[in-house]
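A short write-up of the structure that comes next.
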Amino acid sequence: MLVIGITGPTGCGKTTLLREIEHRGGYIVDCDALYYALLASKEGAALRQELQAAFPAAFDADGTLRRKALGRLVFGDPSRMAQLNEIVFFHVGNAVRARLMHEQSAGRQLFAVDAINLFESGLAALCDTTVGVLAGRETRIARIMARDGLTREYAALRVDAQKPDSFYESHCDWILQNAGTREQFARTADQYLTNILKGAFPMTKQEREALLYQPKHGHDRLTKEDKAAMLAYCEDYKAFLDRSKTERECVVSAVELAEKAGFRELKAGMALKAGDKVYSVNRGKSILLAVIGKKPLSEGANIGAAHTDAPRLDFKPNPLYEDAELAYIKTHHYGGIRKYQWVTVPLELHGKIVRADGSEVYVKIGADPEDPQFVINDLLPHLGREQGKKPLNEAIPSESLNILIGSWPEPDDDGPDRVKLAIMRILHEKYGIVEEDFISAELEAVPAANARDLGFDRSLIGAYGHDDRVCAYAELAAILQLDMPEKTAVCIFADKEEIGSEGVSGMQSEAFEHFMKTLCGMQSVELTDCFANSFCISADVTAAYDPNFSEVYERRNAAYVNYGVGLCKYTGSGGKGGASDASAEVVGRIRKLFNGNGVMWQMAELGKTDAGGGGTVAKYMAKRNIDTLDAGVPVLSMHAPYETVAKLDCYMTYKCMKAIFEQA
């Protein structure tokens, strides 16, 4: 039996299609007529009882329904209308199913359900295919006037009160336009039925969607529950960003949040069991956290590896100088920056100084509203003719990224460098340092701007350091909520990714091995066995498609804001140089996992093959014999002092990490 669902607004001519179905021996259920038949028959006793219980004022003393009274109770009251629909849909639906079963057992080959609320009532689920009959507004008005003897004004009101054509176009498998005469539409309906009964129709919309990969905007798929959770999550993320503007501060914030969530510092000789939560800080600049799983580490761990260093300006070892009675700091840019973006930007200073006696002092200037801030000068346009002729990367030389820090000279001193001396006096009074202490300091200049919502709809977040703290926080938030995962979950905040993951706190160091070997040793598991059975998400951002610079993106393979976490099978440059290139099996496994857990995702490349490229920690995790896939938030203006991300993508990256830790 073929079951056809027929719908469409009033005045479109569905009756003509229904007659054609009857001519072919089909059985038709007119749901409006069925509803009224139920009200007047024994079959509808349960319907009447439920309606009378819900709307007693609409019934006479003898139990007769007064339809106009019922209408007055529900029209204009959405909650009462919803209550009525729920009752009617249930009982009419049962009656339709009973007739369908009866006709099917009788050998009927064609069955049609005519319902204005075909989709809202759930009756579309009974149908093999659905068709909407539509006609133009003026055509419908004229038909209703002729059919019901109405004035044009009242007919127009009825037409305009119906659902728009777009509703039927987006829900129905097929649309039949009835703009001509009854005879013309009868021929259209006859051809439609001939084709569908022969199976000669082209594929339905659902079949087409099943075959083609057509990503959809995430906001159109977001549930109310997810939207509320997303907004709350992003407020927490912004707060994390504002207090974590360097890799050291990210570690401090992570420890504070971890200890509140029941994590304790990993120490030699600890006895750990499933559900225990531990962390280890590597030299104050990276951190590793783990929640011990039910399964032994011989079966592997689920790992999230992000980095918390970000492009910035580092103080040179001998940074302070004076020129033209202005005091400056010499800087060495860290990571891939576009130098012209850093001039005339308000800056904060963060970092640690180790004094000559070994004591330490932490510096944080510019974040507090009462603090001074700092800036790098730029050339005025009136004198910038020659500078304007240079390529962007050459217009601001690295050695001109000097931070202006003062201009008042030390009073009552007739020696040289009086402004520099005055600055050192201030620093000595506040921090107890002398100029030589800069040699054993790690001081960073970062943009003086907190995370803010962007856009009239507040759908975006602007901030410094999204790359890669947006993914690091997603990992952290996910692992903090874990209770007792099947496999041990590991979260990594790595350092030095922006300069190749070098150094003792970078992902190329053996700090990760030391942490995992400690955990494996407690279970008498070989580290190599653990790595061979582990899985890692290299949680790092990707480039979001920017229509202002469309020439460097390959649109079919670019990531888009609001389409979810971006999965990068490979990064690198040119012919995949420097990429780990995840296997088809790995990508397929993650697709299945994300689809089953409501994670919105998209595939992504950094840009056109010949336009440039970049890398992540993925290749260093893969080198350890760990299956690894890059996944992260698409970013606009990546590596700029102020980057932009979509809230939806931030939240989906959190959901991505949650699914990995819980089920991968």
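The values are calculated or read from the model by the stated rules, or taken from the named source; none is laboratory data. The model shown is predicted, which means the values in this text are computed figures rather than measured ones. Don't worry about glycine lacking a Cβ; one is built from the backbone with ideal geometry, like all the others, and counts go over all protein chains shown. Just the protein is used for accessible areas: all its heavy atoms, side chains included, with ligands, DNA and RNA removed. Shrake-Rupley method; radii C 1.70, N 1.55, O 1.52, S 1.80 Å.
Listing for the model above:
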read-out	value
Amide H partners (placed H, <5 Å) of residue 276, local residues excluded	292
Accessible area (Å², 1.4 Å probe, nearest 10) - residue 610	150
Heavy-atom SASA rank of 75, 167 (probe 1.4 Å, accessible area, largest first)	75, 167
Cross-link reach list, lysines versus residue 430, counting only Cα pairs under 24 Å and skipping chain neighbours closer than eight places	245, 316, 330, 352, 364, 420
Heavy atoms of residue 428: accessible area, 1.4 Å probe, square angstrom to 10	100
For residue 433, distant residues with modelled amide H under 5 Å away	428
Over 22 Å between alpha carbons, listed pairs 487/569; 569/592; 487/658	487/569
Kirkwood Rh (inverse of mean 1/r, distinct Cα pairs), the stretch 506-664, angstrom	16.5
Candidate residues 639, 219: accessible-area rank, largest first, probe 1.4 Å	219, 639
Accessible area of residue 174 in the full protein assembly, 1.4 Å probe (Å², nearest 10)	40
Probe 1.4 Å, protein heavy atoms only - accessible area per residue of the stretch 474-604 in square angstrom	42
Selection of GluC sites (Glu not before Pro), the stretch 464-525, meeting DSSP coil and at most 11 other Cβ within 10 Å	510
Using a Förster distance of 35 Å, the FRET efficiency for residue 611-residue 219 (Cβ separation, nearest 0.05)	0.75
Shape category assigned to the stretch 320-469 from the gyration tensor of Cα positions, a/c cut at 1.5	oblate
Calculated SAXS-style log₁₀ I(q)/I(0) at q = 0.16, 0.23 Å⁻¹ - the stretch 79-121, Debye, Cα scatterers	-0.49, -0.81
Cα-Cα separations in the chain greater than 49 Å, expressed as whole percent	37
Principal-axis tilt of helix 247-260 within the chain, Cα atoms, nearest 10 degrees	60
Crossing angle, helix 182-198 versus the chain [Cα axis fit, 0-90 degrees, rounded to tens]	70
The stretch 213-339: translational diffusion in µm²/s, Stokes-Einstein, Kirkwood Rh over Cα pairs, 10 °C, 1.306 mPa s	83
Candidate aspartates and glutamates for bridging to residue 68, where Cα separation is under 20 Å - those fewer than 8 sequence places away on the same chain excluded	32, 50, 60, 77, 86, 148
Table column - 3J(HN,Hα) (Hz), the stretch 361-371, Karplus curve with 6.51, -1.76, 1.60, x for Gly and Pro	9, 9, 10, 8, 10, x, 7, 6, x, 8, 6
In sequence order, calculated HN-Hα J values of the stretch 353-360 (Karplus, 6.51, -1.76, 1.60; Hz; x Gly/Pro)	10, 9, 6, 4, 8, x, 6, 10
Amide H contacts under 5 Å for residue 27, placed H, 5+ residues apart	110, 111, 112
Percent accessible area from carbon and sulfur atoms, the chain, protein chains only, probe 1.4 Å	52
Ranking by accessible area, most exposed first, for 1, 507 with a 1.4 Å probe	1, 507
Percent of alpha-carbon pairs separated by more than 16 Å within the stretch 508-599	70
